[in-house]
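Only the coordinates and a few stated rules stand behind these numbers; no lab work does. Here the structure is a predicted model, which means the values were calculated and not measured. Every residue, glycine as well, gets a Cβ built from its backbone with ideal geometry; the counts of neighbours run over all protein chains shown.
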Amino acid sequence: QFRNQYDNDVTVWSPQGRIHQIEYAMEAVKQGSATVGLKSKTHAVLVALKRAQSELAAHQKKILHVDNHIGISIAGLTADARLLCNFMRQECLDSRFVFDRPLPVSRLVSLIGSKTQIPTQRYGRRPYGVGLLIAGYDDMGPHIFQTCPSANYFDCRAMSIGARSQSARTYLERHMSGFMECNLNELVKHGLRALRETLPAEQDLTTKNVSIGIVGKDLEFTIYDDDDVSPFLEGLEERPQRKAQ
């Protein structure tokens, strides 16, 4: 592999106007296992695929609780995500303590944007190698935000990040028009179907490898793991077999 002379540090531009270190950090997100976020008028849902580091290890947590009205799912370096998650929890607590109100989701996401931007512009630092999907519910309704190692963030109606997430995005684009009117169960099913698209044909969703996070009107952020997932999976139809080419 030919080493690029412009990729030694995050402060170095290439003549094409690119910063290679940031692009490499964004590649780390594509290596992480897939996660999907989507919302209706009343709820925001995260579904994530859990990976086990080895046969002997437990599955790694993919969905984290930030505050009663906010949760995140992660793709990329879990250690970096934990650091950002602690920061988000602190900001949410500060808001409740100082202003006696839950932190608006868009405000929290802009704080994350500001925090993750710093190492993209400082010598000797490295960008956070993790992408987040942030689900929340506040006075403005439900939200799904995506954040990147580049410190960009986007307000999404539905989104998927991680390994093979393109096929999940294709599913979401195809069915997006119906999401707003969905009830909660239908919304979760759409999320699971999108997540299933990222799996190779011989694999399927199980209670072991799926995690679900739900937040919405009159519903605090709740994470469903292991056996709690089975009611959602049972309602899912068999995976249509792809025709052999």
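Annotations for the structure displayed:
- Matching residues, region 30-84, being buried (at least 20 other Cβ atoms within 10 Å of the Cβ), over 10 Å from the mean Cα position of the chain (by Cα) and β-branched (V, I, T): V45, V66, I70
- Scope region 210-245; condition within 20 Å of Q166 (Cβ to Cβ) and surrounded by 14 or more Cβ atoms within 10 Å (Cβ to Cβ); matching residues: V210, R239
- Scanning region 191-211 for residues that are polar (S, T, N, Q) and in a loop (DSSP other than H, G, I, E, B), we see that the one that is nearest to L172 (Cα to Cα) is T198.
- Cβ-Cβ under 6 Å pairs, at least 6 apart or on other chains, region 95-116 side surrounded by fewer than 21 Cβ atoms within 10 Å (Cβ to Cβ), far side among the aromatic types (F, W, Y): G113/Y153
- Taken over region 42-85, the criterion of being more than 28 Å from E186 (Cβ to Cβ) and among the acidic types (D, E) is satisfied by E55, D80.
- The residues of region 202-227 that are within 19 Å of S54 (Cα to Cα) and of a type in the set (S, T, Y), listed by number, are T206, T207, S211.
- Any hit, region 178-201, residues being touching a residue at least 40 places away in the same chain (Cβ under 8 Å), under 30 Å from W13 (Cβ atoms) and of a type in the set (S, T, Y): no
- Of the set (1) more than 12 Å from T35 (Cα to Cα); (2) out of contact with any Lys or Arg (no Cβ under 7 Å at 6 or more places or on another chain), all apply to M176 but (2).
- Which numbered condition Q166 misses (of (1) in contact with an Asp or Glu (Cβ under 7 Å, 6 or more places away or on another chain); (2) surrounded by fewer than 22 Cβ atoms within 10 Å (Cβ to Cβ); (3) within 28 Å of I112 (Cα to Cα)): (1)
- Residues located in region 121-163, provided they are outside any strand (DSSP E or B) and either crowded, with 24+ Cβ neighbours inside 10 Å or of a type in the set (G, A, S) (or both): G124, P127, Y128, G129, P149, S150, A151, G162, A163
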